[in-house]
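Input: a single structure, listed below in structure tokens.
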Amino acid sequence: MAAVSVLAITFFVMSLLAIVVYGSEQTLRYFESRPQVIAFLIQDATDADIDSLSVKLQGDTRVRDVTVVTQEEAFEIYKEATSDNPLLGELVSPSIFPASVEFSAVDLTYADELIKEVSQESYVDSVGFTASLGSESEIGDVISRLTTISETVRTAGVVAVGVLAFTSFLVLTVVVSMRIMMRKAEIDILSLIGASAWFIRAPIVFEALIYAFIGVTLGWLGSAVLVMYASPSIFTYFTEIEVIPKDSTTFFVLLVVLWAIELAVGSVIAFFGSMFSVGRSIRSVR
């Protein structure tokens, strides 16, 4: 029971951490897939300047999804945004809106250096970043925070799972050793009649694998129920970011894949833990 409980806790935490890591990856992909960098050009910028910047960005392997927004297009966007008050659209002309070039970075880590390079162009007035709510000087901090959070989640997850897996290994070793001591007479008889070492070890290893299967399944099931219960709140909070799949089939497949991976990890822990314990305990019993 102790081995099953520890394994269940281990894989409950592992499942939740795996889902959190998946969600952080989806968040990063969300920002990477949007035209998050916007270069606003000066009012005197010519069509040649716009084409030059656009061609330069399209030829950069760090850049994707380059979009040019002319003054007229910017004016139309403004009119749509103020459609509830048409008077605002009549008071301005397209000439007051700067042309802009929007693009995405292939990897979020490239965004900071791309912004610095684009800002140095003489016909670029300013550069904005859609993930930043502050000034241009804060863009680097926003990128750094996004990547740091993702890396911290991964590192903390690996450390936590490693500690719990090692604890499970130790508990499983102790439990198997106690089971072997309880079967001392049976092991002695099997040894006297010439039973092979694997014949003696197989039932004990199989029992440890059963512990792993039950523990993994209970831990995975608990985390799956918790995530499904919290999913409406998650979808409401992360409206546009699909941190967990909204499609029920995709979500179910994700959970099954997670269960299969955890079952493989649990089986490895159980196998090596039981083999280590059996080898050490049988020598002492004999």
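I'd like to check which helices (runs of 4 or more DSSP H) are fully inside segment 22-107 and have at least 2 residues that are modelled with pLDDT of 75 or more and touching a Leu at 6+ places or on another chain (Cβ under 8 Å).
So the answer is 47-58.
Does Ile244 count as surrounded by 15 or more Cβ atoms within 10 Å (Cβ to Cβ), modelled with pLDDT of 85 or more and out of contact with any Cys (no Cβ under 6 Å at 6 or more places or on another chain)? Let's see the steps before the verdict.
Numbers: surrounded by 15 or more Cβ atoms within 10 Å (Cβ to Cβ): yes; modelled with pLDDT of 85 or more: yes; out of contact with any Cys (no Cβ under 6 Å at 6 or more places or on another chain): yes.
For Ile244, the condition - surrounded by 15 or more Cβ atoms within 10 Å (Cβ to Cβ), modelled with pLDDT of 85 or more and out of contact with any Cys (no Cβ under 6 Å at 6 or more places or on another chain) - is met.
Do you know which residues across segment 26-66 are closer than 30 Å to Gly222 by Cβ and either in contact with a helix residue (DSSP H, G or I) (Cβ under 7 Å, 6 or more places away or on another chain) or of a type outside the set (D, E, K, R) (or both)?
Hits for segment 26-66 are Gln26, Thr27, Leu28, Tyr30.
Name the residue, out of Pro203, Pro245, that is free of Cβ contacts under 8 Å to residues at least 12 places away in the same chain and not in a helix (DSSP H, G or I). Give the steps one after another, and end with the answer.
Working: Pro203 fails: not in a helix (DSSP H, G or I).
None of the others qualify; the one that does is Pro245.
Checking the condition surrounded by 15 or more Cβ atoms within 10 Å (Cβ to Cβ) and more than 20 Å from the chain's Cα centre (by Cα), which residue from Phe238, Phe276 passes?
Phe276
The values are calculated or read from the model by the stated rules, or taken from the named source; none is laboratory data. As the structure is a computational prediction, the values presented were derived from the model and not from experiment. Glycine gets a Cβ as well: all are built from the backbone with ideal geometry, and neighbour counts include every protein chain shown.
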